[in-house]
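Everything on this sheet refers to the single structure shown next.
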Amino acid sequence: MALDIVEFSKQVGVSTATVSRAFSGRGRISDKTRERILEEARRVGFTPNVHASRLNLKRTSQIGLFYSFSEEPIFDYYNMELAQEIAKAAEKRGQALHLELSRSGKSNEDRLRQLTHGAALDGIIVVVDGRASGARLLESIRGCPAVVVTSKPWSPVGKEIVVELDVFTGMAEAVRDLASQGHERIGFIDTAANGGKSAGFSRIMREVGLRVDPKIIIEGSISFADGQKAFHQLAPQQPSAILCATDILAMGALNEASGMGLRVPQDISLVGMDDLAFAAYTTPSLSTVGIPRSQIAKTAIDSILSQLDDEESEKPRASARHVIGSYYVPRSSIGPRS
C-alpha cells in the first residue's frame, strides 16, 4: 500500500511541511535534509499526493507547455505560432509559460513527473499528435491539472480537459469553394501516412459529389521539399486544384509549379492549411484553411485555471472536451477551372 504524506513524514522523522518543501524546492530547508528526504522517497517509492499537497501550497503562476510527439520532435512554424499564442494568453491571466519539446519516452515522463510532483508547475498543457504519444505522459502526472490539445479524437486518460481542433470544417469550405468554381479533379498532399487528413478529405469530396482519385492523393509529406516533390508527382495527373495539409507543403508546391512553368491559379489552384503569418505574402497569396490559434490558446489557459480554482474550492475535477472549428481563407492562389 502506498504511503501518504503524513505516514511518510513520520517515517522520515520530519513534518509534512518539510516534505512539501523538499519536493517543491521552496521554503527554508537545508540541502542535507532535502537530499535525505528525496533519497528515502526514492527508496520506498513515495511521491506526494499532488492534489492534497497542492492545496497547502501557493500557486507558482507557472504553466507548462509540452509538445509530445510519437516520432521525432516537430516544432514547425504552426507550433511556433501556437506556442506564441499560448504564451500571450497566459500572460493576460498573469501566468508564465514553461516550454519544453520532447520525444515521447520514459526520460520525458520522468522529467514531467518531477516538475509536477515537486509543484514547480501549476498545470500542464500537452500538445500531441495522437493518443499514443500523450497517454503515458498524462499517466505520469495524474493529479496535476492538465489540458490536451489535439486535432484527433481523444479518449480521456484521467481528468484532463481536451481542446480538440476540427480541421475538417475549414477543409469542407475550401472544397466547396473549389467545386463552385468548376473544379472536379482535386488532388491532396497529406502529412503522415495512415493517420493524416486524407481520409477526411476523401469523405468531404464524396459529400460534395466529387469523385475521389487515389492517384492524386499523396501521403507522408512534411517539408517545403516534400511539397515540391509531391506537386511534381501530381502535376502529370492533371488535377485542376490541389489542397495541401499544411501551408509549408502548399508553398513547396507553389514553388514547384513556377519551376514547371505552370501559372497559379490560371493553370492550377492551390490551397494550404494553417494560415501561417506569412501565407498572405506569397506570390500569389496563398488560400488556406485557418486555425484559430488564439481561441485554442485562451481555451487551454482558461481550462487550466478553472481546474486550479476547483481544487482550491475543493470541487471535484471532471474531464471536459472543447471542439474548436477551422475556417477557410480564400486568396489569390485559387481561381476558376481553366
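The values are calculated or read from the model by the stated rules, or taken from the named source; none is laboratory data. Predicted model only: the values in this text are computed from it and were never measured. With ideal geometry, Cβ positions are generated from the backbone for all residues, glycine too; neighbour counts draw on all protein chains shown.
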- Residue selected from segment 139-166 under the condition under 20 Å from G45 (Cβ atoms) and not small (G, A, S), by the criterion surrounded by the fewest Cβ atoms within 10 Å (Cβ to Cβ): E139
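From A241, A257, grab the single residue that is in contact with a His (Cβ under 8 Å, 6 or more places away or on another chain), in contact (Cβ under 8 Å) with a residue 12 or more places away in the chain and in the same structural domain as D190 (by TED's automatic domain parsing). It would help to see each step written out before you state the result.
Working: A257 fails: in contact with a His (Cβ under 8 Å, 6 or more places away or on another chain).
Unique residue meeting the criteria: A241.
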- Task: Filter segment 183-199 for residues that are assigned to a helix (DSSP H, G or I) and in contact with a strand residue (DSSP E or B) (Cβ under 6 Å, 6 or more places away or on another chain) and give the result.
- Result: S198
- Message: For the condition part of a helix (DSSP H, G or I) and either modelled with pLDDT of 85 or more or under 16 Å from the mean Cα position of the chain (by Cα) (or both), what is the one hit in T18, T33?
- Response: T33
- From the residues in segment 53-83 that are at pLDDT 55 or above and of a type in the set (S, T, Y), which one is surrounded by the most Cβ atoms within 10 Å (Cβ to Cβ)? S68
- Message: Please pick out the residue among S151, S202, S180 that is under 28 Å from R337 (Cβ atoms), touching a strand residue (DSSP E or B) at 6+ places or on another chain (Cβ under 8 Å), of a type in the set (S, T, Y) and without any contact (Cβ under 8 Å) to a residue 40 or more places away in the chain.
- Response: S202
- Item | Failed criterion for Q114 (all others in (1) at pLDDT 90 or above; (2) exposed (fewer than 15 other Cβ atoms within 10 Å of the Cβ); (3) within 14 Å of F66 (Cβ to Cβ) hold) | (1)
- Item | Where a residue in segment 89-100 is over 17 Å from S294 (Cα atoms) and its partner, wherever it lies, is of a type in the set (A, V, I, L, M, F, W, C) and part of a loop (DSSP other than H, G, I, E, B), with Cβ under 9 Å and at least six apart | H98/A120; H98/L121
